[in-house]
Amino acid sequence: MSSRTNRTPLTERGMQIAEQRIPQLAAKAGHDAYKATLKLTGAVTVKTSKGQLVERKRDGSVTVIKALPLGKRVKPGTVLKRVK
């Protein structure tokens, strides 16, 4: 039998507290994935930084690959649809 069956159900307050941690957990997971990628790929990643596409190495050095065009600002919650 699983140990999960012995737990008491979360209260609404408990659920809200747990949900507030999601952004922190997601940020940590992203950072951990970034570090793991640096370690596994020969210590090079490609990312965007300050409007530029850059190559970042594990030693901290950065090489600019190209400047990126300005993106279009979108309000949070906006639903985007594909144009066919």
In the stretch 39-65, the residues that are outside any helix (DSSP H, G or I), among the charged types (D, E, K, R) and on the phi < 0 side of the Ramachandran plot: Lys47, Glu55, Arg56, Lys57, Arg58, Asp59
Given (1) in contact with a Gly (Cβ under 8 Å, 6 or more places away or on another chain); (2) open to solvent by less than 100 Å² (accessible area, probe 1.4 Å), number of the condition Leu70 does not satisfy: (2)
If you go through the stretch 1-38 one residue at a time, how many are at pLDDT below 85, exposed (fewer than 10 other Cβ atoms within 10 Å of the Cβ) and either in a helix (DSSP H, G or I) or not charged (D, E, K, R) (or both)? 8
Out of all the residues in the stretch 57-84, which are under 30 Å from Leu40 (Cα atoms) and charged (D, E, K, R)? Lys57, Arg58, Asp59, Lys66
Looking at Lys75, is it basic (Lys, Arg), out of contact with any Leu (no Cβ under 6 Å at 6 or more places or on another chain) and surrounded by 10 or more Cβ atoms within 10 Å (Cβ to Cβ)? no
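The values are calculated or read from the model by the stated rules, or taken from the named source; none is laboratory data. Treat the numbers as computed from the prediction; the structure is a model and nothing was measured. Don't worry about glycine lacking a Cβ; one is built from the backbone with ideal geometry, like all the others, and counts go over all protein chains shown. Areas reflect the complete protein model, heavy atoms only, side chains present, ligands, DNA and RNA absent. Shrake-Rupley method; radii C 1.70, N 1.55, O 1.52, S 1.80 Å.
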